[in-house]
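Visitor: Got a structure for you, written out below as structure tokens; questions coming shortly.
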Amino acid sequence: MTLNIETFKNADLSQGWRPGNNAGGASLFKALGHPLAAPMGHAIIERLKSCGPVAVYDPSGTIGNFHAYYDLAKIEIEGYYVQRYEDLDATFMGHDAKPVSACRNAKAKAVLVLLFDAHKTLGPIAHIFPDGAEIITLDDMRLPDNMLTNKSNYLDPINFATNFAFLRDRKGANGSDGLHTAIASANYWATHGAKDPKLWLCLFDEEGGILAQWEQDLPAAGCPFVVDSQMVREKFDLGDYEGSLFIHAIRIAGHDVVKYAMDVYGDNGKALTCTHDANAWPADYYAGMPAGDDSETLTLIVQNSHPMPIPPKSIGFNIVGAQDIAWHEEEIPPFGTKTLNVSEMLPDAKFPDQIETVAGRYFVRPRYEVIRSKTGQRRMAHGNVERTDLKPNPEIEKLGSILGKGYIMPLPVLPTEWFNTNVLPTPMARSEQEMPLRVELIDASGKLVASKYLGRIPRRDHLAIDIDTWLAEEKKQLPSGHGHVEFLYDFREGGEANGWLHALGRYEQKSSGHRAETIFGAHIYNTATIYKDEPQSYIGKPPGLTTRLFLRLGDESKDTLCHLVYPASTDWHPKSDTRLILHNALGEPVAEHRVQINCGGSHFWRYHEVFSAEERARVEVKGNKLGYVIVRDTTCRLFGFHGLINGAESFCLDHMFGF
């Protein structure tokens, strides 16, 4: 059963671009389900239980969200009252909606007003409530003002820049096989004018119990910060732990989304992962999780993102295109974390099968973990939101005359000498029954090496393209040794498309067999003509196409790798003008290198090869080694991937974020 909360609003962009950074995320469920607000919400229910009959006044359609978290069946409801005429056909728990004007005649001892900032509304209508009735509002579960950016509008999304991260720290049996986690980001809020931004953090264990709560100061504008599991362990004197880290960026500006990179690393080098932030909005379904092969065990880490349990048989898995769902049979406690063995639940699923997760809006975008039985190697990655609102869009087939390639889904082809690359197109909408596609293999120079029409791929068909095999079949090579692929819509035999084209890349280090996976969705890149909200721009109205990507750096034992792709739907600048700007721990630029990427091409580089030892030494300031690189280009929009490489033993890869 799906949780009855509104977590995401897909904005109607048919009339063009709209400003704002919330990208459709709803803030009401965040306000109701915040770890600090939840005890106060339960206290409201306990208080109402002793009041006698309660009139529930719901002026803005909040009752479903509130009831999902806080059980109104526990109180004696006298009646259900609404403000909007169009809501009069609603019912709640057997009570037909009545106009709020009828509330004055209610035989109620208390009125529950489902509204934050209630003082703005209640003054002019206080006379319509029953005489002597106690008035209780959602302001009784409000966060302290010192955590808010906009105190006058409580549900402003800027007040609820929250997210969940996964945090694990294990010492291991012999001191050499421990597992650790690091959450890395930057203080991009201060670059937008935030004066005193901080993080409010709450660490939950697997059962949802609170292990620690604290505030963390943020560095200067644009500077990186890290929440490291080992430092948290020492700070709060914890044993081994695994669970959810709730992150709330308070007193911020500009962005109401908490972006981060999550590194998982092991003492023995067999675990190394970098993955993206979780997305802050629990979804109905997730997809883009590939099955493991015969030597691998696939698990999904479910982080209950709410202050109420996930009921049994609310989370399930099926192979994309198949109907049979394997359900998890047990309850997961509020804010609890549970690792589900997908390989056991779907024993017939084998790579390249794609797995669909039935999530019911109970948790944010989850991570999956794959362990290779023979080697002990492990990796983590994330799926993506599977859209429930998208339908086929017949306009997409007509875009080519103006927008050239139109939607492009690029994935890197890492240097073929060191890595094997597999790429898989992935259905990411519930209504998507086919994908009419071709794939193009492009050298780093921008030269087309090979093109393959894939047909109208049915939803159930899971197709993996091995780049080494493809090159051998074509009897060709990548002249630069690396490049990228582009998945493109191709309607030569008809077909339907929705613009939510996704693809997954799986990469294997040939020296070690260690793997990494990353998934992303298509965009229209580098065009002057706008179609709805494409091409997308981080700052300003498109086509204000520029690049500002954050590249965090590894420790001394691991080099940082970066793969930049310059996709273009139409002809754009022949070459990029890309600056790789190294910053020290104080956020000061200390070195810079310029590169030019051919339009339609790509560029693979490593930190230790581009920046000299002397330049790298400038990063450290008074023992602080948290330097970073900003990839900046004012001429085009680049798509970036970042990772770490631990010699010939392991590596990791995921897409980058910008701000």
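Visitor: Can you tell me which residue is surrounded by the most Cβ atoms within 10 Å (Cβ to Cβ) among those in segment 606-628 that are at pLDDT 95 or above and closer than 22 Å to TYR260 by Cα?
Guide: Checked segment 606-628; the qualifying residue surrounded by the most Cβ atoms within 10 Å (Cβ to Cβ) is TYR607.
Visitor: Select from segment 107-155 the residues that are surrounded by fewer than 18 Cβ atoms within 10 Å (Cβ to Cβ) and among the hydroxyl-bearing types (Ser, Thr, Tyr) and write down the one among them that is farthest from the chain's Cα centre (by Cα).
Guide: Once the filter is applied, the top-ranked residue is THR121.
Visitor: Would you check if there is a residue in segment 78-88 being open to solvent by 20 Å² or more (accessible area, probe 1.4 Å), within 21 Å of CYS51 (Cβ to Cβ) and at pLDDT 95 or above?
Guide: Yes.
Visitor: As an exercise: evaluate ALA26 against (1) modelled with pLDDT of 95 or more; (2) open to solvent by less than 50 Å² (accessible area, probe 1.4 Å) and give the number of the one condition it does not meet.
Guide: Looking at each condition in turn, ALA26 falls short on (1).
Visitor: If the Cβ limit is 6 Å and pairs must be 6+ apart or interchain, which residue in segment 212-237 that is over 18 Å from THR191 (Cα atoms) pairs with which residue that is part of a helix (DSSP H, G or I) and not polar (S, T, N, Q)?
Guide: ALA212/PHE236
Visitor: Return yes when VAL610 is among the β-branched types (Val, Ile, Thr) and more than 25 Å from the chain's Cα centre (by Cα) and no when it is not.
Guide: For VAL610, the condition - among the β-branched types (Val, Ile, Thr) and more than 25 Å from the chain's Cα centre (by Cα) - is met.
Visitor: Evaluate segment 468-478: report whether one residue or more is part of a loop (DSSP other than H, G, I, E, B), farther than 28 Å from ILE396 by Cα and open to solvent by less than 60 Å² (accessible area, probe 1.4 Å).
Guide: yes
Visitor: OK, next. For segment 173-205, what are the residues that are of a type in the set (S, T, N, Q) and over 19 Å from the mean Cα position of the chain (by Cα)?
Guide: ASN174, SER176, THR191
Visitor: Looking only at segment 634-643, decide whether some residue is farther than 30 Å from PRO535 by Cα and touching a residue at least 60 places away in the same chain (Cβ under 8 Å).
Guide: no
Visitor: What is the one condition in (1) surrounded by fewer than 20 Cβ atoms within 10 Å (Cβ to Cβ); (2) of a type outside the set (Lys, Arg); (3) touching a strand residue (DSSP E or B) at 6+ places or on another chain (Cβ under 9 Å) that GLY193 does not satisfy?
Guide: Condition not satisfied by GLY193: (3).
Listed here are the residues, each with its yes/no results for (1) among the hydrophobic types (A, V, I, L, M, F, W, C); (2) touching a residue at least 24 places away in the same chain (Cβ under 8 Å); (3) out of contact with any helix residue (DSSP H, G or I) (no Cβ under 8 Å at 6 or more places or on another chain).
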residue	(1), (2), (3)
LEU549	yes, yes, yes
CYS562	yes, yes, no
VAL565	yes, yes, yes
THR570	no, yes, no
THR578	no, yes, yes
GLY587	no, yes, yes
VAL590	yes, yes, no
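Visitor: A further question follows. Only one of LEU582, LEU549, LEU553 is buried (at least 22 other Cβ atoms within 10 Å of the Cβ) and at pLDDT 95 or above; which?
Guide: LEU582
Visitor: Here's another thing I want to ask about it. Quick one: is ALA287 assigned to a loop (DSSP other than H, G, I, E, B) and either among the hydrophobic types (A, V, I, L, M, F, W, C) or under 23 Å from THR518 (Cβ atoms) (or both)?
Guide: No, not satisfied.
Visitor: Answer yes if at least one residue in segment 592-601 is farther than 23 Å from TYR188 by Cβ, free of Cβ contacts under 8 Å to residues at least 40 places away in the same chain and open to solvent by 50 Å² or more (accessible area, probe 1.4 Å), and no otherwise.
Guide: Yes, the conditions are met somewhere in segment 592-601.
Visitor: Run SER14 past the list (1) at pLDDT 90 or above; (2) open to solvent by 50 Å² or more (accessible area, probe 1.4 Å) and report the number of the one that doesn't hold.
Guide: (1)
Visitor: Can you tell me which condition PRO542 does not meet? The list is (1) over 27 Å from GLY254 (Cα atoms); (2) of a type outside the set (Gly, Ala, Ser); (3) at pLDDT below 95, and all the others hold.
Guide: Condition not satisfied by PRO542: (1).
Visitor: With (1) in contact with a Lys or Arg (Cβ under 9 Å, 6 or more places away or on another chain); (2) closer than 30 Å to PRO543 by Cα; (3) open to solvent by less than 10 Å² (accessible area, probe 1.4 Å) as the list, and VAL370 as the residue in question, which single condition is left unmet?
Guide: Condition (2) is where VAL370 drops out.
Visitor: Let me ask you something else. Touching a strand residue (DSSP E or B) at 6+ places or on another chain (Cβ under 6 Å) and part of a loop (DSSP other than H, G, I, E, B) - does that describe any residue in segment 176-188?
Guide: Yes, segment 176-188 contains a residue that is touching a strand residue (DSSP E or B) at 6+ places or on another chain (Cβ under 6 Å) and part of a loop (DSSP other than H, G, I, E, B).
Visitor: Taking segment 290-329 as the region of interest, how many residues are aliphatic (A, V, I, L, M), more than 18 Å from ARG361 (Cβ to Cβ) and either in a strand (DSSP E or B) or open to solvent by less than 20 Å² (accessible area, probe 1.4 Å) (or both)?
Guide: Count: 5.
Visitor: Do any residues in segment 273-293 that are on the phi > 0 side of the Ramachandran plot have Cβ atoms under 7 Å from those of residues that are open to solvent by less than 10 Å² (accessible area, probe 1.4 Å) and of a type in the set (Ser, Thr, Tyr), where the two are at least six apart or on different chains, and which pairs are they?
Guide: Within 7 Å, the pairs are GLY288/THR426.
Visitor: Next question, about the same structure. Can you name the residue in segment 230-254 that is open to solvent by 50 Å² or more (accessible area, probe 1.4 Å) and out of contact with any Asp or Glu (no Cβ under 7 Å at 6 or more places or on another chain) and, of all such residues, is nearest to LEU167 (Cα to Cα)?
Guide: It comes out as MET231.
Visitor: On the basis of being open to solvent by less than 10 Å² (accessible area, probe 1.4 Å), in contact with a Phe, Trp or Tyr (Cβ under 8 Å, 6 or more places away or on another chain), at pLDDT 90 or above and over 30 Å from HIS180 (Cα atoms), does THR527 make the cut?
Guide: yes
Visitor: Name every residue in segment 203-224 that is in a strand (DSSP E or B) and surrounded by 17 or more Cβ atoms within 10 Å (Cβ to Cβ), in order of residue number.
Guide: Within segment 203-224, LEU203, PHE204, LEU211, ALA212, PRO224 qualify.
Visitor: Based on what the data block shows, is ALA503 closer than 27 Å to MET435 by Cα, in a strand (DSSP E or B) and out of contact with any Gly (no Cβ under 8 Å at 6 or more places or on another chain)?
Guide: yes
Visitor: Let me ask something else. Could you please find all residues in segment 334-352 being within 23 Å of the chain's Cα centre (by Cα) and surrounded by fewer than 17 Cβ atoms within 10 Å (Cβ to Cβ)?
Guide: Matches in segment 334-352: THR339, ASN341.
Results for (1) under 28 Å from LEU644 (Cβ atoms); (2) part of a helix (DSSP H, G or I), shown as yes or no for each residue.
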| site | (1), (2) |
| --- | --- |
| TYR368 | yes, no |
| LEU390 | no, no |
| ILE396 | no, yes |
| PRO415 | yes, no |
| ASN422 | yes, no |
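Visitor: Select, from GLU417, GLU397, GLU440, the only residue that is among the charged types (D, E, K, R), open to solvent by 50 Å² or more (accessible area, probe 1.4 Å) and either in contact with a Pro (Cβ under 7 Å, 6 or more places away or on another chain) or under 23 Å from PHE604 (Cβ atoms) (or both).
Guide: GLU417
Visitor: Then there's this: Counting only residues that are over 18 Å from VAL364 (Cα atoms), touching an Asp or Glu at 6+ places or on another chain (Cβ under 8 Å) and among the polar types (S, T, N, Q), which one in segment 160-184 is surrounded by the fewest Cβ atoms within 10 Å (Cβ to Cβ)?
Guide: Selected residue: SER176.
The values are calculated or read from the model by the stated rules, or taken from the named source; none is laboratory data. No experiment lies behind these values; they were computed from the predicted model shown. As a convention, Cβ positions derive from the backbone with ideal geometry for all residues, glycine included, and neighbour counts pool all protein chains shown. Just the protein is used for accessible areas: all its heavy atoms, side chains included, with ligands, DNA and RNA removed. Shrake-Rupley method; radii C 1.70, N 1.55, O 1.52, S 1.80 Å.
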